[in-house]
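The values are calculated or read from the model by the stated rules, or taken from the named source; none is laboratory data. Nothing here was measured: the structure is a model prediction, and the numbers come from that model. Quick reminder, even Gly has a Cβ in these numbers, built from the backbone with ideal geometry, and neighbours come from all protein chains shown.
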Amino acid sequence: MNFLYGKMQTILVLAPGLTHTRAGHPENHTRMTAVQRSLERSGVLADVTAVSPQPASIEQLRRVHTPSLIERIRTVSRIGGGLLDHGDTYATADSYELARLAAGGCCTAVDQIMNGSARNGLALVRPPGHHAESNRVSGFCLFNNAAVAARHAQANYGLKRVLIFDFDVHHGNGTQEIFYDDASVLFTSVHMFAPYFYPGIGSFDEVGHGAGVGYTLNVPLPPGVGDVGYCRVMNELVRPRVEMFQPEMILVSVGFDAHWQDPLASEGLSLTGYAKIARNLIELADKLCNGRILFILEGGYHLDVLTAGVHNVIYSLLGRDEILDSFGAMPYAESDVTQLLHKLQNRHLPK
């Protein structure tokens, strides 16, 4: 990869949500604490521009969420916190304001990229967002950070085509629901799809509705797909579909839980594979939309994988060749994606 970008071209928005945490819950403050400490020790923060997040306004939130959802999160936080659904999506006394800051931080990053102050960026924010639907929290997510950022880009900068690429190991059901009828956002999710695996949707035949038909591209992988399979998905399906769409900005929901060491899933990506996907997306942004790309953190529950993965995204955004990968490749044979790819190519690409 060439060293294309000078210093201060990449921004970092940090909204760690440290007091949004629940004892024993996998999505807790230690994820971001570990990342922050590692970034400080490595010295890489000197090569990026830190941008202070601003909380999302109610208007920004209402572009993707109903007033009743916003009020429910506010109310539960105001009484000191509690569960927000029948599963394990929680709020603390601070979660409403922290979720506003996470979503707003992504909008702040969009502003910096769209006004030319930065070329690209990374938003390290909590709570995560991609499972949050228009009127329902789920999967540890309160407000949908990527969706709020996409609507902000459209409302404030007139963008007609935004790509949201999601490669958290879990399907981005919230992002899909919000944009399912919308041809202005191409939602692409590469995720594990298996019996009893959360959230249970994201099959290959979920392609959009009404005006949005063809603008949802789900890649439901079996367990055990590693670097080879993910690389084929990117090169043989995602790249040509994205090039057809011609996005004006790319938002990436990145979760590091598709790594073969992650405790909550059973996919087979390595840290090197993750870095190659990041570089692939950055190359697409350089080719199609003047480099405008923002990575937004979602999941990832092995702390060493998470911290190395975040470093690798920053290195990729800076144009560096360096990759941290002390774990190496998955130590067993990959699942094959050939038949799935053929099925998806027939559905989503020109004959």
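Numerical summary
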{"item": "Residues (out of contact with any helix residue (DSSP H, G or I) (no Cβ under 9 Å at 6 or more places or on another chain), in a loop (DSSP other than H, G, I, E, B) and at negative phi) located in region 157-196", "result": "His171, Phe193, Ala194, Pro195"}
{"item": "Residues that are within 24 Å of the chain's Cα centre (by Cα), exposed (fewer than 15 other Cβ atoms within 10 Å of the Cβ) and not hydroxyl-bearing (Ser, Thr, Tyr), drawn from region 304-348", "result": "Asp321, Glu322, Gly328"}
{"item": "Residue list for region 15-48, filter: under 20 Å from Arg320 (Cβ atoms), in contact (Cβ under 8 Å) with a residue 40 or more places away in the chain and not polar (S, T, N, Q)", "result": "Val35, Leu39, Val44, Asp47, Val48"}
{"item": "Residue match in region 207-219 (condition: in contact with a helix residue (DSSP H, G or I) (Cβ under 9 Å, 6 or more places away or on another chain), at positive phi and either β-branched (Val, Ile, Thr) or at pLDDT 95 or above (or both))", "result": "yes"}
{"item": "From the options Asp227, Asp257, residue that is in contact (Cβ under 8 Å) with a residue 24 or more places away in the chain and either over 16 Å from the mean Cα position of the chain (by Cα) or at positive phi (or both)", "result": "Asp227"}
{"item": "For Ser326: the one exception among (1) of a type in the set (Ser, Thr, Tyr); (2) without any contact (Cβ under 8 Å) to a residue 60 or more places away in the chain; (3) in a helix (DSSP H, G or I)", "result": "(3)"}
{"item": "Any chance Arg126 is of a type in the set (D, E, K, R) and in contact with a strand residue (DSSP E or B) (Cβ under 9 Å, 6 or more places away or on another chain)", "result": "yes"}
{"item": "Pick from region 16-42, criterion modelled with pLDDT of 95 or more and small (Gly, Ala, Ser), ranking: nearest to Leu264 (Cα to Cα)", "result": "Ala34"}
{"item": "Set Thr49, Thr30, Thr10: member being of a type in the set (S, T, N, Q) and more than 20 Å from the chain's Cα centre (by Cα)", "result": "Thr49"}
{"item": "Qualifying positions in region 329-351 - among the hydrophobic types (A, V, I, L, M, F, W, C) and either part of a helix (DSSP H, G or I) or over 16 Å from Phe193 (Cβ atoms) (or both)", "result": "Ala329, Met330, Ala333, Leu340, Leu341, Leu344, Leu349"}
{"item": "Residue within region 278-286 that is free of Cβ contacts under 8 Å to residues at least 60 places away in the same chain, assigned to a helix (DSSP H, G or I) and within 16 Å of the chain's Cα centre (by Cα) present", "result": "yes"}
{"item": "Those residues of region 235-255 which are assigned to a helix (DSSP H, G or I) and under 26 Å from Arg151 (Cβ atoms), in sequence order", "result": "Val238, Arg239, Arg241, Val242, Glu243, Met244, Phe245"}
{"item": "Leading residue by the ranking (surrounded by the most Cβ atoms within 10 Å (Cβ to Cβ)) among those in region 74-112 that are in contact with a Leu (Cβ under 6 Å, 6 or more places away or on another chain) and within 29 Å of Tyr157 (Cα to Cα)", "result": "Ala99"}
{"item": "Hey, His131 out of contact with any strand residue (DSSP E or B) (no Cβ under 6 Å at 6 or more places or on another chain) and surrounded by 22 or more Cβ atoms within 10 Å (Cβ to Cβ) or not", "result": "no"}
{"item": "The listed residue being surrounded by 17 or more Cβ atoms within 10 Å (Cβ to Cβ) and touching an Asp or Glu at 6+ places or on another chain (Cβ under 9 Å), out of Val148, Val137, Val125", "result": "Val137"}
